[in-house]
Amino acid sequence: IGKDLSQFVAPDLEAAEAAFCRGFDLLELSLAGSGDGEGEGVSAAAPMQTDPQVVRVVESYRTQLRQLQELRKRISERERAKLPFDETLRASQIFCFDTDRYPLAQLVAAVAEVATVLPADSEREPAESKADAKQQGLERRIDEETVAQSEEESKDLDMRQEEEQVSQVKAAGNCSSTFDLSDTSATLAIAASRSLANLHRWHPQSDSPPPQCPALVAAWKSAGRKLPKAWAILAGRRKEHIKAFKRTNVYSEFVEVYAKFVEEVIVPLVKEPVIFQCPPTLRFQFPSLRPSIARHKDSSYPGHLEEAEINFWVPITKVFGAASLWVESMPGKGDFAALEMDYGQFYRFNGQHCEHFTVPNTTSCTRVSLDFRVVPFSQWSNKFGGRIGTYPARASPGAVVDV
């Protein structure tokens, strides 16, 4: 009975109501002494026992059931009143944003602690362990397999990174976990983006403290790199790691700027308030012979409002070739191509029906990106417990939700 009633918190409200009613019937029949577990519904159940505590518990369940049924009724009425969704709102297109006003690269660099983990070349310690030597060998193998165009792009990027990366990032972050957001010049944004593109060059020692960002540990593991002992322990406690990360100041700053970006940049594109994924998904893809995302479309997974959900992809580093996202231009067209974009641009697309994926990152650059999903408020139905897919969701100003 308890297991059935626990489904009340399930994202699927229809399944929750069915499970709740089933559990309620079993509870009443059990208290009435029927013992066979079969009944004809709540209204036809035998009289309840008169113990005051039992009565209070059952009445609280009745109240919760009524609230759930009322919520489903409101959602159903809203569904019927919906206007048709405008598909042009998620047509594939690249847009630009102001990197001074929305310093996403600086904040992601602070999250990844690049000023701490990327010392100058002269300060870097040589790789002494077998794991480090193996990783360097893997990087050499990847470089040999890189296509000519990717090599040229990577070399050009590396030359510019050597000039500006270390001094500017250290000055911005002062080797701490946060950047000085009062300095939001274009130079600082570019320095942070380029430093992130070099993140894979860091070879932590066995006693190196683990990163505060769970996505960075996951990327390290996904790339096939051996984790230091402290990192491996933390990787096995991912939920605890995420909770600790969300308590940091840099996480709060990051989410604050991201929410501002959605409110001021994304909402005008959608032309109305939105329900948006918060926090966004932060992804690091190191040079590796493994892809980070398999070919898929979001509607293949539960919890998505596929009829009205809009996907956005924001590269924090320069993306090209194997260090990018591959997307088809229209659902089912199959004309997959890598997005070629710089920091300061973002991509809108129909990720619900357009397949997308990554390939092994055979460049010499780390790819860092954000992705998130929004639903126009006029199309929103809280069918999945305030979530978009498996991601928590928030309402932008002007969107008033029931729950």
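The values are calculated or read from the model by the stated rules, or taken from the named source; none is laboratory data. Here the structure is a predicted model, which means the values were calculated and not measured. Cβ sites come from the backbone with ideal geometry, for glycine too, and all protein chains shown count toward neighbours. What goes into the accessible areas is simple: the full protein's heavy atoms, side chains included, and nothing from ligands, DNA or RNA. Shrake-Rupley method; radii C 1.70, N 1.55, O 1.52, S 1.80 Å.
Annotations
- Three-way shape label, segment 245-346, alpha-carbon gyration tensor, a/c 1.5: oblate
- Estimated FRET transfer efficiency (residue 86, residue 237; beta-carbon r; R0 41 Å; 0.05): 0.40
- Sulfur and carbon atoms: percent of accessible area, segment 319-366 [1.4 Å]: 59 percent
- R0 of 30 Å, Cβ-Cβ distance residue 395-residue 73: FRET efficiency to nearest 0.05: 0.90
- Rolling a 1.4 Å probe over the heavy atoms of the protein chains gives segment 295-390 an accessible area of 30 Å² per residue.
- Gain in span if fully extended, residue 55 to residue 207, counting 0.36 nm per residue against the direct Cα distance: 48.9 nm
- Under-5 Å amide H pairs with residue 393, H placed in peptide plane, nonlocal only: 278, 388
- Between amide H atoms placed 1.01 Å from N, distances below 5 Å from residue 324 occur with 359, all of them 5 or more places distant or on a separate chain.
- Whole-Hz couplings from phi, Karplus 6.51/-1.76/1.60, listed for segment 250-266; x for Gly and Pro: 5, 5, 4, 5, 4, 5, 4, 5, 4, 4, 5, 4, 5, 5, 9, 10, 7
- Accessible surface, per residue, of segment 199-285 when the full set of protein chains is kept, probe 1.4 Å, Å²: 47 Å²
- Portion, in percent, of the accessible area of segment 257-310 that falls on carbon or sulfur, probe 1.4 Å: 52 percent
- Charge dipole magnitude, Cβ of K and R +1, D and E -1 - segment 198-325, Cα centre, debye nearest 20: 880 debye
- Segment 278-317: GluC sites (Glu not before Pro) in DSSP loop, at most 16 other beta carbons within 10 Å: 306, 307
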